[in-house]
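Colleague: Structure incoming, see below.
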Amino acid sequence: MSGADATSGAERERRTQRLGLVSDVLAETTRFFHGEGFTQLLPVMLGRSTDPLGPDPGSSVLRTVEVDYLGQRFYLMNSMILHKQLAVRELGKIWILSPNVRLERAERGSSGKHLFEFTQADFELPGARGAEVRALIERYYARLGSALREHPVFASLGVEPPRFAPPWEVLTTHDLEAKYGPDWEGDASRDREQPFWALCHRREFYDREDPDDPGHFLNYDLIYPGGFGEALSGAEREWKPERIRARIARDGIPHAAFRAYLERSEGLVPSAGGGFGLERLARFLLKTPHVGDVQLFRRVPGERAEL
Ligand code: ASN
């Protein structure tokens, strides 16, 4: 066998092992949400409205993909947030393995954590507050860590198995900016050995503004340690139609894209939830250089896709 074949054979074997871990993470995630009483829904991929992904200083999406089909305009899912908000009223606690397409700028290819197609575990709980969601997610990671600790992939790839030790530090973006500057995520992540929560981001209209403290937001991100950065984003939601309309107007995002959602907004109820990227989770567990390394077919911005 030539050297090149041996190398690609070894790399193929590592890829098979990484994908095996992704499969086991999916199985554990499914067991967890079902055990917590969530109803699993199949994903929506084309919607008459979708997540605007902005205004958000962290977003760098070029555009939302529009599909005109038989006289209707659809958008490819940036995330299912708007559909989740409508679904919780009838269905209670829900979760979805939700594929998202986000056309990131080419420069994002070198961040190590951006993909233009990925899957998130996306969940929503009617009537919940942020603290309840954060406790749920801490239970999830603690359980995932114990379930995977003896997984042979870690010894085989020479990576430390995960040690998640919640409860985790809770900070605000104001604390983080004061210490690390406006681009706090990388340095704050590199400074820590456990994940931490970052609260209060000024971003999309569906994250609830604190009624007692305008200009502050009842949302949260979970950040991985070691420079791996954002794991999850979530929030308590705006559900009052007049507040949603005012936020959309304030953000200056085109109304047409939200007409179908706004027409149904009288049916919204208070809820909270979030979503975490499964590829980012697998990358964090396996400490691969790029999140594309845990995909079967890499979807890295600016890279030529194999298939
Ligand atoms: N899934 C996120 C949430 O529930 C939204 C997103 O992915 N942009 O808040």
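The values are calculated or read from the model by the stated rules, or taken from the named source; none is laboratory data. Computed from a predicted structure; not experimentally measured. We place every Cβ from the backbone using ideal geometry, glycine too, and count neighbours over all the protein chains shown. Accessible surface areas use protein heavy atoms only, side chains included; no ligands, DNA or RNA. Shrake-Rupley method; radii C 1.70, N 1.55, O 1.52, S 1.80 Å.
Colleague: Open to solvent by 50 Å² or more (accessible area, probe 1.4 Å) and of a type in the set (A, V, I, L, M, F, W, C), is that true of residue 165? Spell out the reasoning first.
Modeller: Values: open to solvent by 50 Å² or more (accessible area, probe 1.4 Å): yes; of a type in the set (A, V, I, L, M, F, W, C): yes.
For residue 165, the condition - open to solvent by 50 Å² or more (accessible area, probe 1.4 Å) and of a type in the set (A, V, I, L, M, F, W, C) - is met.
Colleague: Name the residue that is farthest from residue 159 (Cα to Cα), counting only residues in the range 262-303 that are away from the ligand (no atom under 16 Å from the Cβ) and of a type in the set (Val, Ile, Thr).
Modeller: Looking at residues that are away from the ligand (no atom under 16 Å from the Cβ) and of a type in the set (Val, Ile, Thr), I get 300.
Colleague: Let me confirm something: among 243, 237, which residue is of a type in the set (Lys, Arg), within 16 Å of the ligand (Cβ to nearest atom), farther than 28 Å from residue 108 by Cα and in contact (Cβ under 8 Å) with a residue 24 or more places away in the chain?
Modeller: After applying the criteria, what remains is 237.
Colleague: Quick test for you: out of 218, 176, pick the one residue that is within 14 Å of the ligand (Cβ to nearest atom) and either open to solvent by less than 60 Å² (accessible area, probe 1.4 Å) or modelled with pLDDT of 95 or more (or both).
Modeller: Sole residue among the options that is within 14 Å of the ligand (Cβ to nearest atom) and either open to solvent by less than 60 Å² (accessible area, probe 1.4 Å) or modelled with pLDDT of 95 or more (or both): 218.
Colleague: Hey, another quick one. So how many residues does the range 248-272 have that are farther than 22 Å from residue 57 by Cβ, of a type in the set (A, V, I, L, M) and modelled with pLDDT under 90?
Modeller: 1
Colleague: Residue 246: among the small types (Gly, Ala, Ser) and surrounded by fewer than 15 Cβ atoms within 10 Å (Cβ to Cβ), yes or no?
Modeller: yes
Colleague: Now for a separate question. Between 260, 231, 198, which is of a type in the set (A, V, I, L, M), surrounded by 13 or more Cβ atoms within 10 Å (Cβ to Cβ) and assigned to a helix (DSSP H, G or I)?
Modeller: Values: 231 fails: assigned to a helix (DSSP H, G or I); 198 fails: assigned to a helix (DSSP H, G or I).
Testing whether each residue is of a type in the set (A, V, I, L, M), surrounded by 13 or more Cβ atoms within 10 Å (Cβ to Cβ) and assigned to a helix (DSSP H, G or I) leaves just 260.
Colleague: Turning to a different aspect of this structure: Can you spot a residue in the range 106-122 that is among the acidic types (Asp, Glu) and more than 19 Å from residue 273 (Cβ to Cβ)?
Modeller: Yes, the range 106-122 contains at least one residue that is among the acidic types (Asp, Glu) and more than 19 Å from residue 273 (Cβ to Cβ).
Colleague: Within the range 57-109, how many residues are open to solvent by 80 Å² or more (accessible area, probe 1.4 Å) and either without any contact (Cβ under 8 Å) to a residue 60 or more places away in the chain or in contact with a helix residue (DSSP H, G or I) (Cβ under 9 Å, 6 or more places away or on another chain) (or both)?
Modeller: 11
Colleague: For the range 1-114, which strands (runs of 3 or more DSSP E) that fit wholly inside it have 2 or more residues that are within 13 Å of the ligand (Cβ to nearest atom) and more than 19 Å from residue 137 (Cβ to Cβ)?
Modeller: 94-101
Colleague: Moving on. Of the residues 125, 144, which is of a type in the set (A, V, I, L, M) and either outside any helix (DSSP H, G or I) or surrounded by fewer than 17 Cβ atoms within 10 Å (Cβ to Cβ) (or both)? Let's see the steps before the verdict.
Modeller: Details: 144 fails: either outside any helix (DSSP H, G or I) or surrounded by fewer than 17 Cβ atoms within 10 Å (Cβ to Cβ) (or both).
Just a single option satisfies the conditions, and that option is 125.
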